[in-house]
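Every number in this text was worked out from the coordinates using simple rules, so none of it is lab data. Small disclaimer: the values here were computed from a predicted structure and weren't measured. Methodologically, a virtual Cβ is constructed for each residue, glycine included, from the backbone with ideal geometry; neighbour enumeration extends over all protein chains shown.
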Amino acid sequence: MIQDNYNSELLDIAMENTYLLLTDKNKFHETFHDVDQFIVAFDLEKTNVNFNKIVQNLIEHFIEKEEYEKCAELVKLTGESKNNLLQFLKNIE
């Protein structure tokens with residue numbers, strides 16, 4: 001039970017961090033103050049990150065949490081946001 005709560009909490013943090021970065025609500029240095037907080041909802045080591053799948057997963061997560069405003073923002077993501085993700089990935093290599 002404690003492990004399930006911990007895993008759920010980590011998932012919430014990862015989804016929130018990813019949402020903040022993709023929607024430009026926070027910049028990287030504002031979201032992650034130290035290495036322990038560096039949790040996002042995709043594998044940083046993969047070179048073929050599927051942007052649409054990440055957004056889809058975020059939307060499903062926030063629907064479950066009934067955070068519909070975040071879902072609406074994620075639906076609006078444009079090619080510019082996709083470019084932001086690609087730039088973000090390049091910057092952390």
Original post:
According to a simple spin-label model (label point 7 Å from Cα along Cα-to-Cβ), what is the distance in nm between Asp4 and Leu44?
Top reply: 3.0 nm
**OP:** Mind checking which lysines have their Cα closer than 16 Å to the Cα of Lys76? Skip sequence neighbours fewer than 8 apart in that chain.
**Re:** Lys25, Lys53
Subject >> Stretch gain in nm, segment Glu67-Asn26, where the contour uses 0.36 nm per residue and the Cα spacing is subtracted >> reply: 13.0 nm
**OP:** Give the peptides 53-62, 67-76 in descending order of average Cβ contacts within 10 Å, highest first.
**Re:** 53-62, 67-76
Subject >> Label zone at Leu11, where the point sits 7 Å out along the Cα-to-Cβ direction: the stretch 39-78 residues whose backbone N lies under 19 Å >> reply: 39-44, 53-68, 70-71
